[in-house]
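What follows is calculated from the coordinates using simple rules that are stated; it is not laboratory data. All of these numbers come straight from a predicted model, not from anything done at the bench. Cβ: placed from backbone, ideal geometry, glycine included. Neighbour counts: every protein chain shown.
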Amino acid sequence: MTKPVITVVGSFAVGMTLRTQRMPVFGETIVGSDFDMGPGGKGSNQAVGVARLGAEAHLAGIIGDDRLGEIAIDLYGQEGVGASFLQRTTEMATGVGFIILNHDGENGIILDMGANELMDSAFVDQVEAQIACSDVVMSVLEIPVAAAARAMELGAKHSVRTILNPAPATALDANVLRNVDYLTPNETELRILLGLAPDDPADTVELARRLRARGVGNLIVTMGEKGALILTEDGMETVDGVPVEVVDTTGAGDAFNAGLAVALAEGKSLSSAVHFANRCGAFACRALGAVTALATRAMVDQHGPA
């Protein structure tokens, strides 16, 4: 079977993680544990996830010409991710993220996306030929919206499936949404995309209907242990979640999106693809860290039928 080709136009950042009982208040010093530093960034995580699941992965992004940028170069060499469209710059430092975990596996993250902020439409235009020969093109919102939007536009232009993971969420114009075949917010991001407070109490199903009406092809709302909600032109479906003992949820969304992309590229139905993606997301909750927790194809297949 020929490997599907998946191109990610996205972010790289080095994640620095600490575990603590609670968040500190300003002016307070508290003791944490389990410090870890390693590669992250939603685009990078998704590209690595795609490669581990057996697809041909390519990442287009920008990193700093610094020691943290070397972590990206090493990672893609080890994981077999194509980095022909990874640029280095002296203008800004490589992106970083500071992650604080509590003992329930919940996290809070502070980001400085650094060199990722230099991505724009002109940068993405350089990737057009690669996008055109892909089965799926993916993007995230840790890069400027203009760059993510252009990736979706070029995918639509060349009849390539497009997946946009709107994280971190921000308002998106209908002209962006109409080029998105699969939009994958979680419940918080769904609300932000609609201009609501992240914890707005409105019904998730009703909100999902409102968002899809803005021009999205297929909307998949991830809901953690509750599974995922799928809305298409044919109707609505809920896909059950996968029970898991949570250690760290940091990479779950990236694992989900990687699984979704690979399954769709392999020709699975949307429902089957979301089932597969849910298993990928569950696996990523079982270990500390994002990249280290991403499952291989053998691990996911052993968990149940595709």
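Placing unit charges on the Cβ atoms only, positive for Lys and Arg and negative for Asp and Glu, gives the range 5-147 a dipole magnitude near 240 debye about its Cα centre. Applying 1/(1 + (r/R0)^6) with r as the Cβ-Cβ distance of residue 22 and residue 298 and R0 = 35 angstrom yields a FRET efficiency of 0.40. Extension gain for residue 234-residue 158 works out to 24.9 nm (0.36 nm per residue, less the C-alpha to C-alpha distance).
Of the trypsin sites (Lys or Arg not before Pro) found in the range 137-209, those that fall in a DSSP loop while having at most 14 other beta-carbon atoms within 10 Å are 178.
Run through the range 1-102 and list the GluC sites (Glu not before Pro) located in a DSSP loop whose Cβ has at most 10 other Cβ atoms within 10 Å. Here the sparse-neighbourhood loop sites are 28.
In the range 224-272, what GluC sites (Glu not before Pro) fall in a loop by DSSP, with at most 12 other Cβ atoms inside 10 Å? Counting only loop positions with at most 12 other Cβ atoms within 10 Å, the GluC sites (Glu not before Pro) in the range 224-272 are 233, 245. Of all the options 147, 171, 273, the one that moves most in a Gaussian network model of the chain with Cα springs shorter than 10 angstrom is 171.
Take the Cβ-Cβ distance between residue 110 and residue 271 as r, set R0 to 35 Å, and report the resulting FRET efficiency rounded to the nearest 0.05. If you can, show how the numbers build up before the last one.
Working: r = 36 Å, r/R0 = 1.04.
So, using R0 = 35 Å, E works out to roughly 0.45.
Springs between Cα atoms under 10 Å define the GNM used for the chain, and in it the highest mean-square fluctuation of 51, 174, 148 occurs at 174.
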